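Okay, so here's the structure we're looking at.
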Amino acid sequence: MNSKPLQHALGAGALALSLLFFGCADFSRGPGPVPPDTVTVDTGGGGDVIAGDTGGGCVPGDYTTEIYPLLQLSCDSCHASSGSAGSTGLVFTGSAADDYAEITGLVETGNPASSVLVTKGTGKAHGGGAVFSPGGEEEQALICWISAGAPQ
Ligand code: HEC
């Protein structure tokens, strides 16, 4: 009696099953939860920006430990005294406290998504292009912080 074809068939079956299992495992994770209460702000061109939650649901990052490092790491390759944007109104010194006034001079707490810090950072009329992708996490973090009043 030759059992090879049977073993072969079982092997192929097991493989198909495991593929099916992994395929399903992926789907079962599904999309993440959709944040409630999001609003869309028309920024007047270049498409809409999802401005996140204005109902107080977004948690603003801490200026010194989150917002400042995010900006500094992403932007100071140009926005430093020796960089190509060293003569603009945004020049990082490396001190969160020293740079606070300069940074908050570029935000509009009444209209966070229109803040020049946000619009330039995402590439609108910006010599440095889109450093943060429009609608991305970094933009959301900035908008959330600004809508909370850009606290230090
Ligand atoms: C590749 C170089 C480069 C990078 C990186 C860069 N920028 Fe700029 N940025 C420029 C240049 C050049 C200008 C001056 C021309 C202009 O206004 O777009 C500028 C101007 C600006 C201004 C206007 C400042 C003023 O005086 O009013 C803002 C605000 C700004 N950038 C924000 C950012 C932010 C936020 C980031 C990081 C997310 C960033 N930039 C990263 C090159 C850069």
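Quick look at the numbers
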| quantity | calculated |
| --- | --- |
| Two-site label geometry, residue 88 and residue 109: point separation in nm, points 7 Å out along Cα→Cβ | 2.4 nm |
| Cα centroid of the stretch 89-103 to Cα centroid of the stretch 126-152, whole Å | 16 Å |
| Pairwise label distance in nanometres, residue 133 with residue 62, each label 7 Å out on the Cα-Cβ vector | 2.9 nm |
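Values in this text are rule-based calculations from the coordinates and carry no lab data. All values derive from a computational prediction rather than experimental measurement. Glycine gets a Cβ as well: all are built from the backbone with ideal geometry, and neighbour counts include every protein chain shown.
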